[in-house]
Structures are given as structure tokens and as C-alpha cells.
1. Could you list, in sequence order, the residues of segment 41-68 that are under 25 Å from Asn181 (Cβ atoms) and either open to solvent by less than 10 Å² (accessible area, probe 1.4 Å) or not in a loop (DSSP other than H, G, I, E, B) (or both)?
2. Within segment 84-128, which residues are in a loop (DSSP other than H, G, I, E, B) and either out of contact with any helix residue (DSSP H, G or I) (no Cβ under 6 Å at 6 or more places or on another chain) or more than 30 Å from Thr164 (Cα to Cα) (or both)?
3. On the basis of being outside any loop (DSSP other than H, G, I, E, B) and at pLDDT 95 or above, does Ile81 make the cut?
4. Scanning segment 142-160 for residues that are open to solvent by 40 Å² or more (accessible area, probe 1.4 Å) and either under 27 Å from Ala12 (Cα atoms) or of a type in the set (D, E, K, R) (or both), which turns out nearest to the chain's Cα centre (by Cα)?
5. Given the conditions (1) within 16 Å of the chain's Cα centre (by Cα); (2) buried (at least 16 other Cβ atoms within 10 Å of the Cβ); (3) at negative phi, which single one is not true for Ile72?
6. Could you check segment 181-206 and list, in sequence order, the residues that are more than 11 Å from Phe17 (Cβ to Cβ) and buried (at least 19 other Cβ atoms within 10 Å of the Cβ)?
Amino acid sequence: KTLCVSTQAGCAMGCAFCATAKIRFNRNLTAAEIADQVNIVQEDGGRISNVVYMGMGEPLANYDSVLRSVRILNHPEGKNIGIRHITVSTAGLPDGIGRLADEDIYPRLAISLNAPTDAIRNKLMPINYKYPIAKLLAAVDLYCRKTANRVTFEYVLIKGVNDTVLHAKLLAKLLRGRMCNVNLIEFNPHEGCSFTAAGMEAIKRCASVLNTAGIETTV
């Protein structure tokens, strides 16, 4: 069982496709509040085997509490969840990625990329204006060199925005030669957002392009 945990109340990232972006950022969660999400769910439904920091909030914007909670969840006297079963997902904060590379504990790292070019990513993720793709990938490359771990790039497919074969080819060119895999995610429509899901056929086409280019891809 995989549990998605939140790290903040609200979020300041403002990603255009995300329902959480409509909630004003309130505060960071403590390490105890993050870890306790696992406790509460386990009380209800049995042991959690995987934890993904991909709920409400940007994990690397609450770095210290997130890392402390990772240590608690990983510790034999905590939840004893293997470190390779804990994933931290970020919208792309290079300084936080650099800090993570210098730790003595390495959870899996996932990057919410969602676009093969800055022009598209700027429209989807305002953080890209501050940290464009080249700067983000430089931090990811450094992380991979220091940790010898590969990174997952998450890519939400939105109809008419980032879902064509050309987009997939551009993404393959961007990631070729990097220690990575790609996770294609179907967009989940929600009230107040004009985006629509690309559909499974478009997702399969993009997956085929990436796999053919030698980039391991899951849906």
C-alpha cells in the first residue's frame, strides 16, 4: 500500500493544473504531523509499505521537517519503511535538491516536470520563471552524480498543452542520457480548472515514443 502525504497546509507553488494551488498557503507541517499521517492511515487499514511526499504542499520548501519525518519513517524504531520505498516529489527547487544530495540518507527523488520546454512549463508552473528547466536539470544531474540514484520525472498529460508526439520527442531529447525514468500521469479534471485530460490513447502514444527512445516509462 502506498500513501501520499502532505507537507504543508496549502501551497505557494501555484501550478495551473493543481487543485491545491487554489488553497492559500497557511503554514508548514511539523515532522510529527507528516509522520503521523502514516500512523493514522495504518490504524485504519494495515501496514503502509510505500510513502510518497506528493500531497498538499512543496516538500523541499519545508526541507527540515520533511527530512526529519523521512528519518522517523525509515528508522527501525519508527515505521521501519525502507528508504527505497520513500519518495520525495518536488516542483523543482534546485537548492533543496542540492541539499538532499549532501544528506546521509537518500529517499527516492521525483521531479514534477510536465513540459519539455520553458515556454510550456512557464504556463503550467510559475516556479519555472525562477528556476528554468536548464537550472533544474543541472541540479538533478548533480544529485545523480553524488548519490548514484536515478530520478523519476513526473509528467501530467493535458489535452492540447503537452500531449502530442512532438512533445514526447522533445521530452525524450531533453532527458536522453540522464539517469532517469518517466511517469506519465493522466490529468484529473477539477472544478475551476479549464484543462482536460489528454486521454489514454495520447498517453500511450507518448509512452511509446519515450520507450522507443530508450527512456523507461510507466503510466
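1. Ile48, Asn50, Val51, Val52, Tyr53, Glu58, Pro59, Leu60, Ala61, Tyr63, Val66, Leu67
2. Scanning segment 84-128 gives Asp102, Glu103, Asp104, Ile105, Tyr106, Pro107, Leu113, Thr117, Met125, Pro126.
3. No, not satisfied.
4. Selected residue: Arg150.
5. The failed condition is (1).
6. Hits for segment 181-206 are Val182, Leu184, Ala198, Ala202, Ile203, Cys206.
The values are calculated or read from the model by the stated rules, or taken from the named source; none is laboratory data. A quick note: this is a predicted structure, and the numbers were derived from the prediction, not measured. Reconstructed Cβ throughout: ideal geometry from the backbone, glycine too, with neighbour counts over all protein chains shown. Accessible surface is based on the protein model in full, side chains and every heavy atom, while ligands, DNA and RNA are left aside. Shrake-Rupley method; radii C 1.70, N 1.55, O 1.52, S 1.80 Å.
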